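Report on one structure; see the data block that follows.
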Amino acid sequence: MTASLARSGASPAESLPSLLVVDHHSRDDLTRIVAGHFDIHWAEDETTALHILQTSTIDAVLLGSIETTAASLEILDAIRRQPAIRDLPIILYANSSDESYLIEGFARGASDYLPYPLHDGLALARLHVRQ
C-alpha cells in the first residue's frame, strides 16, 4: 500500500491519511509528531481498535506495546483475521531492546517497526512509506 492516499476533491483535513494508534502511553508525543500529517484515531484496547477499523477508513495502524506485549500481539492477530483489513499496514513500536516482541510481531504479520522513544523525522518517514 504505497499509493497516495490523498482523496481527490477533498478538503485539506479530509485528504490526510488516517492513522489508528493503539496505545495509551504516548498520546502527547504521537500527537506532536503526526499532527497535520495524519487524521489520528485512538484506541486503548482490541475491542475499540476493531470497532474503529470496522466503522472508519484507516490507512495504517501504529501498534504500541500497550500494557503487555501479549496484548498488542493479540490485537495484531485480531486485525489480521479480518478479511477486509488483512493487508492494512501495521507498524509496531516498542523499546528497541525488546527483540522477542519484534520477532514475534513480524512472524504474526507486522509490516514495520519504530523504536521507542520515537524520533520525529524517522517516525514520519516510516509512517508515510507504509500508508
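Is it true that residue 49 is buried (at least 18 other Cβ atoms within 10 Å of the Cβ), within 14 Å of residue 20 (Cα to Cα) and touching a strand residue (DSSP E or B) at 6+ places or on another chain (Cβ under 7 Å)? Yes: the conditions hold for residue 49. Candidates in the stretch 28-44 are the residues that are of a type outside the set (Phe, Trp, Tyr), without any contact (Cβ under 8 Å) to a residue 60 or more places away in the chain and surrounded by 14 or more Cβ atoms within 10 Å (Cβ to Cβ); of these, the one that is farthest from residue 92 (Cα to Cα) is 39. Residues in the stretch 33-52 that are of a type in the set (Asp, Glu) and at pLDDT 90 or above: 39 only.
The residue that is farthest from residue 72 (Cα to Cα), counting only those in the stretch 95-112 that are touching a helix residue (DSSP H, G or I) at 6+ places or on another chain (Cβ under 9 Å) and open to solvent by 40 Å² or more (accessible area, probe 1.4 Å), is 96. Among the residues making up the stretch 74-105, those that are in contact (Cβ under 8 Å) with a residue 12 or more places away in the chain and in contact with a Phe, Trp or Tyr (Cβ under 8 Å, 6 or more places away or on another chain) are 91, 92, 93, 94, 95, 96, 105. Close contacts from the stretch 111-131, counting a first residue that is at pLDDT below 85 and a second that is acidic (Asp, Glu) and open to solvent by 60 Å² or more (accessible area, probe 1.4 Å), with Cβ to Cβ under 7 Å and a gap of 6+ residues or different chains, come to 118/29. When you look at residue 60, is it surrounded by 21 or more Cβ atoms within 10 Å (Cβ to Cβ), touching a Pro at 6+ places or on another chain (Cβ under 8 Å) and under 23 Å from residue 118 (Cα atoms), yes or no? Yes, satisfied.
Scoring residue 55 on the criteria (1) modelled with pLDDT under 85; (2) surrounded by fewer than 19 Cβ atoms within 10 Å (Cβ to Cβ); (3) among the polar types (S, T, N, Q) leaves a single failure, condition (1).
Residue-level check: of (1) within 11 Å of the chain's Cα centre (by Cα); (2) at pLDDT 85 or above; (3) open to solvent by 30 Å² or more (accessible area, probe 1.4 Å), residue 92 misses just (3).
Only residues that are of a type outside the set (A, V, I, L, M) and closer than 25 Å to residue 15 by Cβ were counted across the stretch 50-85, and they come to 6.
Exactly one residue among 114, 63 is in contact with a Phe, Trp or Tyr (Cβ under 6 Å, 6 or more places away or on another chain) and hydrophobic (A, V, I, L, M, F, W, C), and that residue is 114.
The values are calculated or read from the model by the stated rules, or taken from the named source; none is laboratory data. Not measured: the values here are computed from a predicted model. Heads up, the Cβs are rebuilt from the backbone with ideal geometry, glycines too, and the neighbour counts pull from every protein chain shown. Only protein heavy atoms, including side chains, enter the accessible area calculation; ligands, DNA and RNA are left aside. Shrake-Rupley method; radii C 1.70, N 1.55, O 1.52, S 1.80 Å.
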